[in-house]
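J.: Next up is a structure, given as structure tokens.
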Amino acid sequence: MLRLRIQLPKVSPLQVYSHQDLIHDALVNALVEAGANSSDIIGYQAKPWNFAVLGWHRGHNGFAHGLIVSTPNAELARVLSRIKPEHIVKRRWDAESVNFSAASVHIEPDPILPQQTQLGCIFYSPLVLRDETHPGKNKHWHQKLDAPELRLSEIINRKLSFMAGREVKLELHPDSLYLRANPKHSVLVNLKIFQDGRKSFVIGMQAPVLLQGSEEDLRLAWYAGIGEKTRSGFGCLGLLEEGIGR
């Protein structure tokens, strides 16, 4: 298991991006340069890894000052330990680009203590969950963490259990006071822009949450992320008491 914080210096210009896929592709480029097989990091059979963009959004653009990248997989952790900022670059067909070559790389310490059974978290990147109550080809996404039909712990455990090859028993409790004060806590994220102008997007949710479970299960969630599309930069957890910072 390994988790890195890749941080641009304060004097460095922020990296501007209009869709999440640009950051994803830059990280894929860097992981391949560090020795990963492309099949291990993209596609249905890929190993688990997770990332979040640190920064903010204004209008349709994101402004990044850093990245969090993590994996619970031992093989990918060895690859991730060799990642170099100068390889976290990508230029698209429309000339949009990102470049993290000026960044520094720091290993984030494991925040989970022996026999710890709960962890207060925020989402560094939104939690994405498909709403399966809507039939048909068009995808629908949950937009409220307190929706009556959303069996949050059950959905999260099912996905983590499949990933780990064992039963995961976490309980997730969103902050009810936060949800009451922020009934609209969903965000639309531009995922991809195609050459013909079409756009792909997802809707994710953000709120403080309390995770309860075994030390092993907490650690898996911390390094793997939770929910869907974790390898595309969603469901990345951060410590509630630390915030994002710069």
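J.: Given 20 °C and 1.002 mPa s, compute D for segment 39-160 with the Stokes-Einstein relation, Rh being the Kirkwood radius over Cα pairs; round to the nearest whole µm²/s. Can you show the working numbers first?
T.: Working: Rh = 18.0 Å.
Rounded to a whole number, D works out at 119 µm²/s.
J.: Note down the relative contact order for the chain as a percent, whole number, built from C-alpha pairs under 8 angstrom at least six residues apart.
T.: Relative contact order for the chain comes out at 27 percent.
J.: Something else about it: Please compute the per residue accessible area over segment 1-159 with all protein chains in place, 1.4 Å probe, rounded to a whole number of Å². Mind showing how you got there, number by number?
T.: Numbers: 8010 Å² over 159 residues.
For segment 1-159, the solvent-accessible area averages 50 Å² per residue.
J.: If segment 171-246 were replaced by its equivalent ellipsoid, with semi-axes equal to the square roots of 5 times the Cα gyration tensor eigenvalues, what would those be, largest first, whole Å? Kindly include the intermediate steps, with their values, before the conclusion.
T.: On the way: eigenvalues 138, 60, 26 Å².
The three semi-axes for segment 171-246 are 26, 17, 11 Å.
J.: Right, another one. What are the ³J(HN,Hα) couplings of segment 215-222, residue after residue, when phi is run through the Karplus curve with 6.51, -1.76, 1.60 and θ = phi - 60°? Round to Hz, x for glycine and proline.
T.: 3, 5, 6, 4, 5, 4, 4, 5
J.: Let me ask you something else. Each label point is 7 Å from the Cα along the Cα-to-Cβ direction; what then is the distance between the points at Lys144 and Arg82, in nm?
T.: So the label points at Lys144 and Arg82 sit 5.0 nm apart.
J.: Listed highest first by mean packing, meaning other Cβ atoms within 10 Å per residue, what order do 226-237, 53-64 come in? Walk me through the numbers before you get to the answer.
T.: Working: 226-237: 24.6, 53-64: 15.6.
With the highest mean Cβ count within 10 Å placed first, the list reads 226-237, 53-64.
J.: Ok, one more. How much length is gained if the chain between Arg198 and Leu240 is pulled fully straight, taking 0.36 nm per residue apart and subtracting their Cα-Cα distance, in nm to one decimal?
T.: Values: separation 42, 0.36 × 42 = 15.12 nm, distance 3.64 nm.
Full-extension gain reported as 11.5 nm.
J.: So, one more: Report, ordered by chain and residue number, the lysines lying within cross-link reach of Lys10, taken as a straight Cα distance under 20 Å and ignoring same-chain residues fewer than 8 apart.
T.: Straight-line reach from Lys10, under 20 Å: Lys84.
J.: Follow-up. In the calculated pair distance distribution of the chain, what percentage of Cα-Cα distances lie above 31 Å?
T.: On the way: 5976 of 30135 pairs.
Tail of P(r) above 31 Å: 20 percent of Cα pairs.
J.: Something else now. Ignoring ligands, DNA and RNA, what percent of the accessible area of segment 151-246 is carbon or sulfur (1.4 Å)? Each step should come with its number before you reach the end.
T.: Details: 2510 of 4880 Å².
Ligands and nucleic acids excluded, carbon and sulfur reach 51 percent.
J.: For segment 169-216 and segment 87-110, what is the centre-to-centre distance using only Cα atoms, to the nearest Å?
T.: 24 Å
J.: Sort largest first and round to whole Å: the equivalent ellipsoid semi-axes of segment 34-85, each the square root of five times a Cα gyration tensor eigenvalue.
T.: On the way: eigenvalues 126, 35, 17 Å².
In descending order the semi-axes read 25, 13, 9 Å.
J.: May I pose another question? Using a Gaussian network model on the chain with a 10 Å cutoff between Cα atoms, which of Pro13, Pro174, Pro72 fluctuates the most?
T.: Pro13
J.: List every residue whose amide H lies under 5 Å from the amide H of Gly66, counting only residues 5 or more places away in sequence or on a different chain, with H placed 1.01 Å from N in the peptide plane.
T.: Leu8, Leu54
J.: Looking at the chain as a GNM with Cα springs under 10 Å, which of Leu14, Leu220, Leu177 has the largest mean-square fluctuation?
T.: Leu177
J.: A follow-up question, please. Please report, in Å, the Rg and the Dmax of segment 79-133, where both are computed over Cα atoms only.
T.: 17.7, 50
J.: Still on this structure, I have one more. Using a cut-off of 25 Å between alpha-carbon atoms, which lysines can reach Lys169, once sequence neighbours fewer than 8 places away in the same chain are excluded?
T.: Filter leaves Lys47, Lys144, Lys159, Lys229.
The values are calculated or read from the model by the stated rules, or taken from the named source; none is laboratory data. Since this is a predicted model, take the numbers as computed values, not measurements. Here Cβ is always computed from backbone atoms with ideal geometry, including for glycine, and neighbour counts include all displayed protein chains. Side chains are part of the model used for accessible areas, which takes the heavy atoms of the whole protein and leaves out ligands, DNA and RNA. Shrake-Rupley method; radii C 1.70, N 1.55, O 1.52, S 1.80 Å.
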